[in-house]
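Visitor: Can you keep this structure in mind? I'll have questions shortly.
Quick note: the coordinates plus some simple rules give every number you see, no bench work behind them. These numbers were taken from a predicted model, which means no experiment stands behind them. Note that we place each Cβ from the backbone using ideal geometry, even for glycine, and neighbour counts take in every protein chain shown.
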Amino acid sequence: MAIRHRRRLLRAPAEKAGARGIAIKRIYAAPAGTDGYRVLIDRLWPRGMSKERAALDAWLPDLAPSTALRVWFHRDVKRWPEFARRYRAELRAQAALLRTLRQRARRQHVTLLYAARDARVNHATVLRGILLRRALQAAARRPTLGARSAIRGPTLPRTRAGRRP
């Protein structure tokens, strides 16, 4: 019970400050107050979009797929699994940018903006998955109070061979 209570206490300030996390949104949608830190993750500037209308906090073209990968994919849904695999491989070279974005998402809500028409088959979904997966892995590695002893259980005496009965 005490651990649950402590976790709830740790989450409370985040809820008061506004939901933290990572969302994706099409850049052509109107900016909302709940967007938080708005980041465009396309290599090319979106057609017909002015800088004022975009209301960006940052533009990170280095987190977008390479031009060669983007041209190869060209919205072909059959190539989606291979595109996602290749894009993840490209993102490995951008570890510093990913780390910075992940740290920002811990402090405030981050909205990844993209220009693609399809809301499910686009690079923003892959990038969001990577950012969230790493955040979950880091949270799983952080020990909570009492969690280590709860996992191990009671200490058992060792036998001569060093094994536990």
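Visitor: Can you sort 28, 87 from fewest to most other Cβ atoms within 10 Å of each residue's own Cβ?
Guide: Ordered by Cβ neighbours within 10 Å, fewest first: 28, 87.
Visitor: For residue 67 and residue 108, compute 0.36 nm times the residue count separating them, minus their Cα-Cα distance, and round to one decimal in nm.
Guide: On the way: separation 41, 0.36 × 41 = 14.76 nm, distance 3.04 nm.
Length gained, residue 67 through residue 108: 11.7 nm.
Visitor: Could you bin all the Cα-Cα distances of region 9-140 into 5 Å bins starting at 0 and give me the percent of pairs in each, rounded to whole numbers?
Guide: Each 5 Å bin holds this share of Cα pairs: 2, 10, 20, 23, 20, 14, 8, 3, 1, 0.
Visitor: Apply the Debye scattering formula to region 46-92, with a single equal point scatterer on each alpha-carbon and no solvent, then give log10 I(q)/I(0) at q = 0.16, 0.17 Å⁻¹.
Guide: Normalising to I(0) and taking log10 leaves -0.58, -0.64.
Visitor: For residue 37, list long-range residues whose amide hydrogen, built 1.01 Å from N in the peptide plane, is under 5 Å from its own amide hydrogen.
Guide: So residue 37 has HN proximity to 109, 110, 111.
Visitor: Using θ = phi - 60° and the Karplus relation 6.51 cos²θ - 1.76 cosθ + 1.60, list the HN-Hα couplings for region 87-93 in order, rounded to whole Hz, with x at every Gly or Pro.
Guide: Once rounded to whole Hz, the list reads 5, 4, 5, 5, 5, 4, 6.
Visitor: Fewest to most neighbouring Cβ within 10 Å: what's the order for 52, 90?
Guide: By the 10 Å Cβ count, ascending, the order reads 52, 90.
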